[in-house]
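Reviewing the structure listed below.
The values are calculated or read from the model by the stated rules, or taken from the named source; none is laboratory data. These figures come from a predicted structure and were not determined experimentally. Every residue, glycine as well, gets a Cβ built from its backbone with ideal geometry; the counts of neighbours run over all protein chains shown. Protein only, heavy atoms only, side chains kept; ligands, DNA and RNA dropped before computing areas. Shrake-Rupley method; radii C 1.70, N 1.55, O 1.52, S 1.80 Å.
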Amino acid sequence: MYTQALDIPQPKRDEPAGRAPENAAYQAEFDAKIDAGGYIEAKDWMPEAYRRTLIRQISQHAHSEIVGMLPEGNWITRAPTLKRKAILLAKVQDEGGHGLYLYAAAETLGVSRDELVEALHSGRAKYSSIFNYPTLTWADIGVIGWLVDGAAIMNQIPLCKCSYGPYARAMVRICKEESFHQRQGYDLLLTMMRGTAEQREMVQDAVNRWWWPSIMMFGPHDKDSVHTESARWGIKRISNDDLRQKFVDATVKQAEVLGVTLPDPELKWNEARGHHDFGAIDWDEFWAVVGGHGQCNVDRLAARVEAWEDGAWVREAALEHERKRAARERRAA
Amino acid sequence: MERKEWPLWEVFVRSRNGLDHKHCGSVHAPDAKLALQVARDVYTRRQEGVSIWVVPAEAIVASDPDAKPELFDPAEDKIYRHPTFYKLPDEVNHM
Ligand SMILES: [Fe+2]
Ligand SMILES: [Fe+2]
């Protein structure tokens with residue numbers, strides 16, 4: 001997964017049903033369940049705003065998994081060995097699976113798969129901005145596993161305990177599979193670092209390009225975040241800045257073992273805080289990429305739309321085939 | 001409007017013999033055969049199962065969450081259905 005806290009204000013629609021007086025009893029029951037750390041299940045009553053927040057977050061998350069297959073899929077045919085090709089194929093297939101678990105979870109909230117796909121293809125729905133950066137060399141594949149999947153894991157683990165049952169269960173399944181993604185990436189980089197000077201340079205170059213986008217994956221600073229209700233509802237359990245700090249702290253040692261430098265001159269241990277300090281994030285770049293002006297936004301969406309449209313006749317033929325088979329069966333009966 | 005979306009199937013996987021099939025998610029597929037194949041690819045990439053059931057989602061009849069009190073609360077005060085209700089002398093309490 002690659003959720004990113006895309007705390008973008010949503011247009012206000014009609015007053016959430018939960019505010020209506022006739023729903024006060026339901027609301028109280030819902031609040032009590034949340035306060036007790038319980039789970040909300042698909043058919044349970046929930047405030048409209050809770051449902052909308054979940055649909056938005058889960059579908060953005062699903063879209064990110066699906067679009068996330070593109071930058072890596074780009075390298076499947078050029079993997080340097082059969083072993084690396086098999087590993088990369090398995091990883092990309094996992095990401096496709098993650099997208100499908102999550103679409104299924106979103107659909108339990110009463111939205112159809114086609115509506116979700118349409119929202120992505122029309123550009124209305126967002127996906128993680130990280131996938132709008134290009135994968136220029138084989139080292140990028142290792143760095144994506146190490147840093148991008150690594151950041152995703154930090155984001156995802158708290159979601160395994162989020163208050164919406166179907167989302168939490170999908171996240172448990174996803175988290176079990178993500179560790180392989182990060183480890184294969186790091187392993188790939190270790191191999192390159194034991195190679196030639198040119199290969200080591202490729203790794204450093206990839207780290208230089210992916211470091212900042214990776215720490216942007218945690219989303220805007222807490223003071224600039226708008227969706228505070230997510231915390232009250234038990235959807236977001238740890239804040240963007242806390243997760244980002246955890247990620248930075250964990251990554252410093254890994255970079256050292258690998259023998260690369262993280263491209264931030266201000267990155268240093270702060271004894272008093274017990275954490276690493278790091279430099280200012282370029283939020284203009286972040287918002288530009290979220291807003292559609294990253295290097296690959298246009299290509300990524302075009303690739304998704306093309307795949308969907310090229311597959312349309314197959315989806316229709318399969319439905320028609322089943323319709324005819326069922327009709328034959330009825331006649332025979 | 002003509003329906004273009006593949007129907008939804010609920011997927012149940014038996015992780016190994018001796019255990020129940022357990023619900024693990026859902027897939028879209030045009031027919032039962034493909035639903036099984038898709039479920040295999042989506043939910044058992046690491047030998048998570050030895051058997052899969054797929055059920056058309058619309059064939060599932062579920063209890064109403066609002067009916068929880070009348071359905072399940074009547075069992076609450078029937079504590080005599082549990083073995084711990086009966087206090088027996090220590091010497092025979094392992095019964
Ligand atoms: Fe993933
Ligand atoms: Fe991943």
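What is the total of Lys pairs in chain B with C-alpha atoms under 23 Å apart, excluding same-chain pairs fewer than 8 positions apart?
On the way: B:LYS4/B:LYS33; B:LYS22/B:LYS33; B:LYS22/B:LYS68; B:LYS68/B:LYS78; B:LYS78/B:LYS87.
Summing the qualifying lysine pairs gives 5.
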Margin query: Give me the one-decimal nm value for the distance between modelled label points at B:LEU36 and B:LYS78, 7 Å along each residue's Cα-to-Cβ direction.
Written below: 3.9 nm
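Could you check what % of the DSSP bridge pairs in the protein assembly as shown are antiparallel, to the nearest 5?
Details: 16 of 17 bridges.
Percentage antiparallel, nearest 5: 95.
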Next item on the list: Name the long-range amide H neighbours of A:ILE40: under 5 Å, sequence gap of 5 or more, or other chain; modelled H, no Pro or chain starts.
Entry: A:TYR164, A:GLY165
Next item on the list: Search the structure for amide H atoms under 5 Å from the amide H of A:HIS275, placed 1.01 Å from N in the peptide plane, and list their residues when 5 or more places away or on another chain.
Entry: A:ASN270
Check: What residues in the stretch B:15-45 lose 10 Å² or more of accessible surface when the other protein chains are added to their chain alone (1.4 Å probe)?
Finding: B:CYS24, B:SER26, B:HIS28, B:PRO30, B:ASP31, B:ASP41, B:VAL42, B:TYR43, B:ARG45
Next item on the list: For the stretch B:18-93, go through all pairs of different Cα atoms, get the mean of 1/r, take its inverse, and jot down that Kirkwood value in Å.
Entry: 16.9 Å
Next item on the list: Would you mind getting the accessible area per residue of the stretch A:85-157, heavy atoms of the protein chains only, 1.4 Å probe, in Å²?
Entry: 26 Å²
Next item on the list: Per residue of the stretch A:115-132, in order, report the coupling 6.51 cos²θ - 1.76 cosθ + 1.60 (Karplus, θ = phi - 60°) as ³J(HN,Hα) in whole Hz, putting x for Gly and Pro.
Entry: 4, 5, 5, 4, 5, 5, 5, 7, x, 6, 8, 9, 9, 4, 5, 4, 7, 9
Note to self: Could you work out how much longer the chain between A:ARG52 and A:ASP284 gets when fully extended? Use 0.36 nm per residue separation minus the Cα distance between them, nm to one decimal.
What the structure shows: 80.8 nm
Next item on the list: With θ set to phi - 60°, apply the Karplus curve 6.51 cos²θ - 1.76 cosθ + 1.60 along the stretch A:180-197 and write out the HN-Hα couplings as whole Hz, x wherever there is a Gly or Pro.
Entry: 4, 4, 5, 5, 5, x, 5, 4, 4, 5, 4, 4, 5, 5, 8, x, 7, 4
Note to self: I'd like the Karplus ³J(HN,Hα) series for the stretch A:77-86: coefficients 6.51, -1.76, 1.60, θ = phi - 60°, whole numbers in Hz, and an x wherever there's a Gly or Pro.
What the structure shows: 6, 10, 4, x, 9, 5, 4, 5, 5, 4
Next item on the list: State whether the stretch A:208-295 is rounded, prolate or oblate according to the following rule on the C-alpha gyration tensor (a ≥ b ≥ c being the square roots of its eigenvalues): a/c under 1.5 gives rounded; otherwise a/b larger than b/c gives prolate, and the remaining case gives oblate.
Entry: oblate
Note to self: What figure, in Å² to the nearest 10, do you get for the accessible area of A:TRP75 with a 1.4 Å probe and non-protein molecules left out?
What the structure shows: 30 Å²
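Quick one: order A:TYR127, A:TYR26, A:TYR164, B:TYR80 from most to least accessible surface, probe 1.4 Å. Let's see the in-between values first.
Values: A:TYR127 25, A:TYR26 80, A:TYR164 0, B:TYR80 110 Å².
Output order, biggest surface exposure first: B:TYR80, A:TYR26, A:TYR127, A:TYR164.
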Next item on the list: Could you tell me, in Å, what Rg and Dmax come out for the Cα atoms of the stretch A:17-81?
Entry: 19.6, 64
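To the nearest whole percent, what portion of all C-alpha pairs in the stretch A:145-275 is separated by more than 20 angstrom?
Details: 4404 of 8515 pairs.
Distances greater than 20 Å cover 52 percent of the Cα pairs.
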Check: Assuming R0 = 22 Å, what is the FRET efficiency of A:ALA332 and A:ALA307, from their Cβ-Cβ distance, to the nearest 0.05?
Finding: 0.05
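Going by accessible area, probe 1.4 Å, with all protein chains left in place, what is the ranking of B:THR44, A:THR77, largest first? It would help to have the intermediate numbers written out before the result.
Details: B:THR44 25, A:THR77 110 Å².
Descending order: A:THR77, B:THR44.
For the stretch A:218-333, what is the accessible area per residue in Å² when the probe is 1.4 Å?
Details: 7190 Å² over 116 residues.
Ligands and nucleic acids excluded, the result is 62 Å² per residue.
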Item checked: Helix-only mean residue ellipticity at 222 nm for the protein assembly as shown, each DSSP H run of n ≥ 4 adding -39500 (n - 2.57), per residue, nearest 500 -> -16000 deg cm²/dmol
Margin query: Using a 1.4 Å probe on the protein heavy atoms only, what accessible surface does B:LEU71 show? Give it in Å² to the nearest 10.
Written below: 90 Å²
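Using only the alpha carbon atoms of the protein assembly as shown, find the Kirkwood hydrodynamic radius as the inverse mean reciprocal pair distance, in angstroms to one decimal.
On the way: mean 1/r = 0.0414 Å⁻¹.
After inverting the mean inverse Cα-Cα distance, the result is 24.1 Å.
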Notebook entry, point to check: What is the Cα centroid distance between the stretch A:220-249 and the stretch B:1-68, reported in whole angstrom?
Noted result: 34 Å
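Give me the net charge of A:PRO213's neighbourhood, meaning all other residues with Cβ under 12 Å from the Cβ of A:PRO213; Lys, Arg count +1, Asp, Glu -1. The partial results should precede the final answer.
Details: positive: A:ARG209; negative: A:ASP140, A:ASP282, A:GLU285.
Its environment carries a net charge of -2.
At 1.4 Å probe size, put A:LYS253, A:LYS85, B:LYS87, B:LYS22 in order of accessible surface, largest to smallest.
Numbers: A:LYS253 120, A:LYS85 65, B:LYS87 170, B:LYS22 145 Å².
My answer, sorted largest first, is B:LYS87, B:LYS22, A:LYS253, A:LYS85.
Of the cross-linked pairs A:LYS176/A:LYS246; A:LYS126/A:LYS253; A:LYS83/A:LYS161, which ones have a Cα-Cα span greater than 26 Å in the structure shown?
Values: A:LYS176/A:LYS246 20 Å; A:LYS126/A:LYS253 33 Å; A:LYS83/A:LYS161 35 Å.
From the list (A:LYS176/A:LYS246; A:LYS126/A:LYS253; A:LYS83/A:LYS161), the Cα-Cα distance tops 26 Å for A:LYS126/A:LYS253; A:LYS83/A:LYS161.
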Notebook entry, point to check: Between the stretch A:153-191 and the stretch A:40-66, what is the C-alpha centre distance in whole Å?
Noted result: 19 Å
Item checked: Dimensionless Rg ratio for the stretch A:88-193, taking C-alpha atoms and the 2.2 N^0.38 Å reference -> 1.17
Note to self: How large is the accessible surface of B:LYS4 in square angstrom, using a 1.4 angstrom probe and rounding to the nearest 10?
What the structure shows: 100 Å²
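Accessible area per residue for chain B in Å², computed with a 1.4 Å probe and the full protein assembly in place, what is it? Walk me through the intermediate numbers first.
On the way: 7290 Å² over 95 residues.
Per residue, chain B has 77 Å² of solvent-accessible surface.
Using the beta-carbon distance between A:ARG194 and A:ALA250 and R0 = 25 Å, what value does 1/(1 + (r/R0)^6) give for FRET efficiency, to the nearest 0.05?
Computed FRET efficiency for A:ARG194 and A:ALA250 comes out at 0.65.
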Check: Using a basic spin-label model with each label point 7 Å from the Cα along Cα→Cβ, how many nm lie between A:ARG78 and A:ARG323?
Finding: 4.3 nm
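Counting pairs of Cα atoms in the stretch A:65-122, how many percent are more than 14 Å apart? Each step should come with its number before you reach the end.
Working: 1013 of 1653 pairs.
For the stretch A:65-122, the share of Cα pairs beyond 14 Å comes to 61 percent.
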Next item on the list: May I ask you to give the percent of accessible area on chain A that is carbon plus sulfur, with a probe radius of 1.4 Å?
Entry: 56 percent
Item checked: Helix B:32-43 axis, angle to chain B major axis (alpha carbon atoms, nearest 10°) -> 70 degrees
Notebook entry, point to check: How far is it, in nm, from the label point at B:LYS22 to the one at B:GLU91 when both lie 7 Å from their Cα along the line to the Cβ?
Noted result: 4.4 nm
